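No lab work stands behind these numbers, since they all come straight from the coordinates. Predicted model, so just to flag it, every value in this text is computed and none were measured. Every residue, glycine among them, receives a Cβ derived from its backbone with ideal geometry; neighbour counts consider all protein chains shown.
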Amino acid sequence: MGIKVLKFGGSSVADAIQLQKVKNIVDADPERRYVVVSAPGKRFSDDSKITDLLYLCKTHIENHFTPDHVFQVISDRYRMMELNLGVKVGIDKDLEEIRANLKPGVTADYIASRGEYLCGKLAAAFFGFDFVDPAGLICFDERGRHMPEETYKRLSEELKKHEKAVIPGFYGSDVNGNIRTFSRGGSDVTGSLVAKAVNADIYENWTDVSGFLMADPRIVPEAKPIKNITYKELRELSYMGASVLHEDAVFPAREANIPINIRNTNEPDHPGTIISDTPGEKTNIITGVAGRKDFAVISIYKNLMNSEIGFVKRLLAILESYEISFEHLPTGIDTVCLIISNSYLEGKLQDMLEDIERRLKPDSVEVYQDMALIATVGAGMNRRLGVSARLFGALCEAGVNVRMIDQGSSEMNIIIGVQNDNFETAIRAIYDAFVTE
Ligand code: ASP
């Protein structure tokens, strides 16, 4: 019998009604043996996520306010869940213990982790699964850096002892026994680590979307779902996938060759998207098109730049000194352009430009801060004639001026820069040009 590891995000475990859906999913397949849960998320759009409320408790304590009010809201939600699920896990005792620990000096990691801890206890009792606390199993060093090898060793040894288990996501503990968390959204990482530790056949990541779509549905309302996507394609389309899956969640599963299946708890019959190293059957040349607005282009011109040794190196050293990372670096014979997200430049642009003028003595530097980047991605584009012609033809017909072009050497992506206000038109045009079936 195979092993499936499942992770359910905050909206999937937001209340007893959602947890009933989760139980139905888990019960539907005996291979679904290890379940990782987030802390309860929002039940409706104005609601609060438990994790945000827990961090708010920490802020209160730091500012010498009592966290009682906020903690009361958190406690009420868990008590209501215990009642509505019809389980008895002694939630009152746990809440009392956590309340007693909310004192000056308590760490944000400890407080935040309790959201997953309590949710895990409730879910385990409700499913009839063992509860496995990841403290002592998911290991961090004294500086809070994750230690993967130690984690795999301990997790796999422990999970062998449990036929079926619920494991709270997001946290583990360090070498001194203190609770440590991953960055926000880190339950995805826990799920991936568990999948690798038990050598799962698949890692099902259950959320509130039915996988990825070929384009943003706000721009292309009829955008088709992506059935299969490779890790490389997903990385190229990171503008699109970033909010669905934590970046660090990809590595453990990928290393162990375990496919990740993005699924929707509210639409459990939808197959979602499978992320793996094997490209699936594709009906269209492209896998998806995605992009983001608000990039700056800094265009530097210097006569005979191409024969000046070390010019780009000195330019990049200036960027490094401002802790600015760039997205693309297209070059011409005497020009180099830096494409940088505007968010990196806030409060730094003028100083950096002065440094560039002073240290590189260019003939001109132009800044344009209104650019959108769009990535058209698909392993199917590789070695196929006419892909660029079709793409640029479509943009021309739509009246979109292309300000930058960058094609990866893998021939799997074409990235273009257009004016922010052409962004939606360009995505629409590219989608229509390639998605024909
Ligand atoms: N509860 C944590 C957060 O909101 C971790 C997670 O849900 O993955 O970031």
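Quick look at the values:
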quantity: Top of Tyr55, Tyr368, Tyr171 by mean-square fluctuation, Gaussian network on the chain, Cα under 10 Å; calculated: Tyr368
quantity: MRE, 222 nm, helices only [DSSP H, n ≥ 4, -39500 (n - 2.57), over the chain, to nearest 500]; calculated: -11000 deg cm²/dmol
quantity: Convex hull per residue volume in Å³, alpha carbons only, for the range 250-335; calculated: 230
quantity: Length-normalised contact order for the chain - Cα pairs under 8 Å, 6+ apart - percent; calculated: 13
quantity: Selection from Met371, Leu353, Ser325 lying farthest towards where the dipole of the range 323-378 points positive, charges on Cβ; calculated: Ser325
quantity: Stokes-Einstein translational diffusion, the range 1-117 - Kirkwood Rh over all Cα pairs, 1.306 mPa s, 10 °C, in µm²/s; calculated: 104
quantity: Relative pair counts by distance (%), Cα atoms of the range 262-310, 10 Å bins; calculated: 15, 22, 21, 18, 15, 8, 1
quantity: Cα-based convex hull volume of the chain per residue, rounded to whole Å³; calculated: 176
quantity: For Leu137, distant residues with modelled amide H under 5 Å away; calculated: Ser173
quantity: Stokes-Einstein D in µm²/s, Kirkwood radius over Cα pairs - the range 210-300 at 20 °C with 1.002 mPa s viscosity; calculated: 151
quantity: Computed Rg/Rh of the range 117-247, alpha carbon atoms with Kirkwood Rh; calculated: 1.03
quantity: Most mobile listed residue (Ser343, Ser48, Ser276) in the chain, GNM with C-alpha springs under 10 Å; calculated: Ser343
quantity: Long-range HN-HN contacts of Ser341 with modeled amide H, under 5 Å; calculated: Ala296, Glu327
quantity: Integer Hz, Karplus 6.51/-1.76/1.60 couplings in order for the range 173-186, x for Gly and Pro; calculated: 9, 9, 4, 8, x, 7, 5, 10, 10, 6, 6, 3, x, x
quantity: DSSP bridge pairs, the chain: antiparallel proportion in percent, nearest 5; calculated: 60
quantity: Rel. contact order, % - alpha carbon contacts under 8 angstrom, at least six apart, the range 30-187; calculated: 27
quantity: Calculated from backbone phi, Karplus (6.51, -1.76, 1.60) coupling profile of the range 302-307 in Hz, x at Gly/Pro; calculated: 8, 4, 6, 4, 5, 9
quantity: For Leu213, residues with placed amide H under 5 Å, excluding near neighbours; calculated: Ile226
quantity: Max mean-square fluctuation residue, GNM over the chain, Cα-Cα springs under 10 Å, options Ala317, Ala197, Ala223; calculated: Ala317
quantity: Centre separation in Å (Cα based) which lies between the range 45-110 and the range 281-318; calculated: 47
quantity: Cα-based convex hull, the range 69-186, per residue volume (Å³, whole number); calculated: 111
quantity: Reference-scaled alpha-carbon Rg (2.2 N^0.38 Å with N residues) for the range 318-398; calculated: 1.44
quantity: Share of Cα-Cα pairs in the range 368-422 lying beyond 14 Å, as whole percent; calculated: 53
